[in-house]
Amino acid sequence: MEKFLTETEQWLDRLYVAAEGASLRREDRRKAVETAAMLVEIERAVARLSGRKGLLLLDAAAGKSYVGLLAAKLLLAPRNDASSVVTLERDPRRVASSRRAAELLEAGIPVTCLRAEVGDASAWPAEPAIVTALHACGDASDAVIDRAIGCRARVLLLVPCCTGRAVRACASAARRAEELPVPRHAPVRRRFIQALVDAERTWRLEAAGYETEVVEFVPPTVTPHNLLWRARRVGEPRRMAAARAGWERLSAGG
């Protein structure tokens, strides 16, 4: 990660912070650490896709597109193989900020910053090589999973953020907590519900043919939302069948 951290801080300062007449704050430096860690993951994914040319990276729920823009500049442009980046964000102010940053960045490859809901299938290209989503909030993480599966992304790098009632598996997890019963102490119940949400997302990816790892991509001192879903489409039938069985048992509460 250190190989990208200095460059990430410099680019965030140049593209976003200095442009607003400020300097890097503590929260900006934490964001730089998270972005640099995602660049390491993208670099690993690019290496595994080394036989493919013209890679398309989709940065979903992109915010100000830190990950997508710096991946374009530092990882994809040096390949000289017609790679490209698309970022998706629903907030028009963040999209405008992304477009300004893309102009300043001069990545050297096509970068398109789209305003769209992350679940809008029409905004997603077919078969992107890599899909990233850093801190996709609430049910946006589920939408990213669904769309990545639906458009047959080769690799998904997903870092969910907060879990609320809108999250698909949250209601059933809360019912399970009542049925068992899990104590009402907030930290205990919250961890139980989060574990079931995390399990449901993992089984869903595996059942769709994605070999999935869940890892801490940064220390919890950087962010408490530090789990990364690293999923690669392999389509292995027995693995998919086992995952569907696990998913069904989890959903049924058995």
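The values are calculated or read from the model by the stated rules, or taken from the named source; none is laboratory data. Please read these numbers as outputs of a predicted model, since none were measured by experiment. Note that each Cβ is placed from the backbone with ideal geometry, even for glycine, and that neighbours are counted across all protein chains shown.
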THR112: of a type in the set (Ser, Thr, Tyr), closer than 21 Å to LEU156 by Cβ and touching a Cys at 6+ places or on another chain (Cβ under 6 Å), yes or no? no
Among the listed residues VAL46, VAL85, identify the single one that is within 24 Å of ALA136 (Cα to Cα), among the β-branched types (Val, Ile, Thr), assigned to a helix (DSSP H, G or I) and touching a strand residue (DSSP E or B) at 6+ places or on another chain (Cβ under 9 Å). VAL46
Residue check, ALA173 against (1) at pLDDT below 95; (2) among the small types (Gly, Ala, Ser); (3) surrounded by fewer than 22 Cβ atoms within 10 Å (Cβ to Cβ), all met but one. Which one? (3)
Just to verify a result, which residue in the stretch 148-162, among those that are at pLDDT 90 or above, surrounded by fewer than 22 Cβ atoms within 10 Å (Cβ to Cβ) and out of contact with any Asp or Glu (no Cβ under 8 Å at 6 or more places or on another chain), is nearest to GLU89 (Cα to Cα)? CYS161
Identify the single condition in (1) in contact with a helix residue (DSSP H, G or I) (Cβ under 7 Å, 6 or more places away or on another chain); (2) part of a helix (DSSP H, G or I) that VAL167 does not satisfy, given that it satisfies every other one. (2)
Which one of LEU70, LEU76 is in contact (Cβ under 8 Å) with a residue 24 or more places away in the chain, within 20 Å of VAL159 (Cα to Cα) and crowded, with 21+ Cβ neighbours inside 10 Å? LEU70
List the residue pairs whose Cβ atoms are under 8 Å apart, where the first residue sits in the stretch 231-254 and is surrounded by 15 or more Cβ atoms within 10 Å (Cβ to Cβ), the second is basic (Lys, Arg), and the two are 6 or more positions apart or on different chains. ARG232/ARG48; ARG232/ARG154; ARG233/ARG152; ARG233/ARG154; TRP247/ARG204
In the stretch 196-230, how many are of a type in the set (A, V, I, L, M, F, W, C), without any contact (Cβ under 8 Å) to a residue 60 or more places away in the chain and farther than 12 Å from LEU158 by Cβ? 6
Take ARG189 and tell me if it is surrounded by 14 or more Cβ atoms within 10 Å (Cβ to Cβ), in contact (Cβ under 8 Å) with a residue 24 or more places away in the chain and basic (Lys, Arg). no
From the options GLU117, GLU89, residue that is free of Cβ contacts under 8 Å to residues at least 40 places away in the same chain, crowded, with 22+ Cβ neighbours inside 10 Å and not aromatic (Phe, Trp, Tyr): GLU89
